[in-house]
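First comes the structure, then the notes that go with it.
The values are calculated or read from the model by the stated rules, or taken from the named source; none is laboratory data. For clarity, every value in this text was computed on a predicted model and none was experimentally measured. Cβ: placed from backbone, ideal geometry, glycine included. Neighbour counts: every protein chain shown.
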Amino acid sequence: MGHVVLFHTVHGLRPAVIAAADRLRAAGHHVQTPDLYGVPATDTVDEGFALFDTIGHDVVLDRARAAVRELPPDVVLAGLSMGAGVAGAMLAERPGTAGLLLLHGSGGAPEEVRPGLRVELHLADPDEYEPAGELDEWRQAMTGAGAALAVHRYPGAGHLWTDPDSPDHDPIAAEATWTRVLAFLGTP
């Protein structure tokens, strides 16, 4: 899996998203980090949700579609928190997707999951934005559709544990996450 599109959190395109993409690039992957907002990132989750509401769900998805339009059909769709939902939404329009990589959130079960699709989910345990019952439903939907699913939980980590600028940052959990992500993506 050599091409990855990484969708940002509700905060917008923050330095942590660029750093995550740079980590993947250093491993040899081609990574796109589209700015779905087109304005500077916010500092808080509340500001991020307000900005998302102002821009609108449809505009965010239209910008995501534009960002993936020219990418190879076998791109890996990846997302951080809110971006996980965006990645899942793009899956229905990208039947050749090589994998779905979701960090800090599942984004709800994607509508179109083909048998054999490689899916990896990384969640804090517990995660304030992912109630346990929803995760079980999501897992059933994925496995019921025949996806090759791996779920990784990070006990005691906060929601955005890989983000060094977040109070949730957990360096040990973050390193474990990136090791697993690079194994999932494989050698380009």
Within the range 164-188, restricting to residues that are small (Gly, Ala, Ser) and surrounded by 17 or more Cβ atoms within 10 Å (Cβ to Cβ), the one that is nearest to PRO126 (Cα to Cα) is ALA173
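Results for (1) among the basic types (Lys, Arg); (2) touching a strand residue (DSSP E or B) at 6+ places or on another chain (Cβ under 7 Å); (3) touching a residue at least 40 places away in the same chain (Cβ under 8 Å); (4) not in a loop (DSSP other than H, G, I, E, B), shown as yes or no for each residue.
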{"position": "VAL4", "(1), (2), (3), (4)": "no, yes, yes, yes"}
{"position": "ALA16", "(1), (2), (3), (4)": "no, no, yes, yes"}
{"position": "ARG23", "(1), (2), (3), (4)": "yes, no, yes, yes"}
{"position": "TYR37", "(1), (2), (3), (4)": "no, yes, no, no"}
{"position": "VAL60", "(1), (2), (3), (4)": "no, no, no, yes"}
{"position": "LEU71", "(1), (2), (3), (4)": "no, yes, yes, no"}
{"position": "ALA89", "(1), (2), (3), (4)": "no, no, no, yes"}
{"position": "THR97", "(1), (2), (3), (4)": "no, yes, no, no"}
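Table: residues versus (1) over 26 Å from HIS169 (Cα atoms); (2) acidic (Asp, Glu).
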| residue | (1), (2) |
| --- | --- |
| VAL5 | no, no |
| ALA19 | no, no |
| HIS29 | no, no |
| ASP35 | no, yes |
| GLY48 | no, no |
| PHE52 | no, no |
| VAL59 | yes, no |
| ARG63 | yes, no |
| VAL68 | yes, no |
In this structure, is GLY28 in contact with a Pro (Cβ under 8 Å, 6 or more places away or on another chain), farther than 21 Å from THR162 by Cβ and exposed (fewer than 14 other Cβ atoms within 10 Å of the Cβ)?
-> no
In the range 146-188, anything out of contact with any Ser or Thr (no Cβ under 9 Å at 6 or more places or on another chain) and more than 28 Å from THR44 (Cα to Cα) is listed as GLY146, ALA147, ALA148, ALA150, LEU182, ALA183, PHE184, LEU185, GLY186, THR187, PRO188
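Any residue at all in the range 144-153 that is closer than 25 Å to VAL113 by Cα, in contact with a helix residue (DSSP H, G or I) (Cβ under 7 Å, 6 or more places away or on another chain) and in a helix (DSSP H, G or I)?
No - not one qualifying residue is present in the range 144-153.
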Practice prompt. Would you mind stating whether THR33 is of a type in the set (S, T, N, Q), within 22 Å of ASP163 (Cα to Cα) and at pLDDT below 95?
Written response: no
Looking across the range 145-163 at residues that are surrounded by 15 or more Cβ atoms within 10 Å (Cβ to Cβ) and more than 17 Å from ASP125 (Cα to Cα), the single one that is farthest from the chain's Cα centre (by Cα) is ALA145
Within the range 99-142, the count of residues that are surrounded by fewer than 21 Cβ atoms within 10 Å (Cβ to Cβ), touching a His at 6+ places or on another chain (Cβ under 8 Å) and not charged (D, E, K, R) comes to 1
